[in-house]
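The values are calculated or read from the model by the stated rules, or taken from the named source; none is laboratory data. The shown structure was predicted, so the numbers you read here are calculated from the model rather than taken from an experiment. Every residue, glycine among them, receives a Cβ derived from its backbone with ideal geometry; neighbour counts consider all protein chains shown. Ligands, DNA and RNA are stripped out before the accessible areas are found, and what is left, the full protein with its side chains, is counted by its heavy atoms. Shrake-Rupley method; radii C 1.70, N 1.55, O 1.52, S 1.80 Å.
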Amino acid sequence: MTVLLVDAANVVGSRPDGWWRDRAGATRSLLQRLARLTGSSVPGPDGAPVNCREVVAVVEGRAREVTAPDGVRVVRASGSGDDTLASCARDLAREGTPVLVVTADRGLRDRLPTGTPVTGPGWLLARLDARDGDAG
């Protein structure tokens with residue numbers, strides 16, 4: 001079972017859908033969509049199933065005030081979201097917890113523990129879009 005560790009600001013910012021007008025609202029919407037992944041299995045970036053034991057989303061800035069929906073553990077960065085996410089990834093690696101990090105930030109990717117699987121926001125948004133289609 002894998003922990004999905006999400007760079008929320010990076011995922012929100014990956015689609016030009018007006019998120020900049022309401023950063024907290026866009027983050028709230030993402031978190032609600034992410035909650036549906038907890039406890040489910042989705043096709044991974046390589047096509048193999050990813051069994052999402054837990055979804056952890058790192059939020060920063062104005063989005064820190066967003067309420068966490070059931071099914072998502074929100075980590076509120078007091079400073080840099082990248083620092084907080086890298087720290088979370090190190091903690092999970094020390095525990096031996098399988099993790100899949102979602103970010104397109106190359107600088108952040110370089111700070112993750114060696115061998116940490118990483119995928120971009122496009123993969124995650126495609127999984128969420130597919131789930132939304134299944135729900136509707």
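Quickly run through the stretch 93-136 and pick out the residues that are in contact (Cβ under 8 Å) with a residue 24 or more places away in the chain, open to solvent by less than 50 Å² (accessible area, probe 1.4 Å) and within 12 Å of the chain's Cα centre (by Cα).
The answer is Val99, Leu100, Val101, Val102, Thr103, Thr119, Gly120, Pro121, Trp123, Leu124, Leu125, Leu128.
Looking at this structure, is Arg73 charged (D, E, K, R) and touching an Asp or Glu at 6+ places or on another chain (Cβ under 7 Å)?
Working: charged (D, E, K, R): yes; touching an Asp or Glu at 6+ places or on another chain (Cβ under 7 Å): yes.
Here the answer is yes, as Arg73 does meet what is asked.
Hey, among the residues in the stretch 1-23 that are in a helix (DSSP H, G or I) and touching a residue at least 12 places away in the same chain (Cβ under 8 Å), which one's surrounded by the fewest Cβ atoms within 10 Å (Cβ to Cβ)?
Residue satisfying both the conditions and the ranking: Arg23.
Only residues that are open to solvent by 20 Å² or more (accessible area, probe 1.4 Å) and either out of contact with any Cys (no Cβ under 8 Å at 6 or more places or on another chain) or without any contact (Cβ under 8 Å) to a residue 24 or more places away in the chain (or both): list them for the stretch 25-39, please.
As a first pass, look at the stretch 25-39 and keep what is open to solvent by 20 Å² or more (accessible area, probe 1.4 Å): 26, 28-29, 32-33, 35-36, 38-39.
Matches in the stretch 25-39: Ala26, Arg28, Ser29, Gln32, Arg33, Ala35, Arg36.
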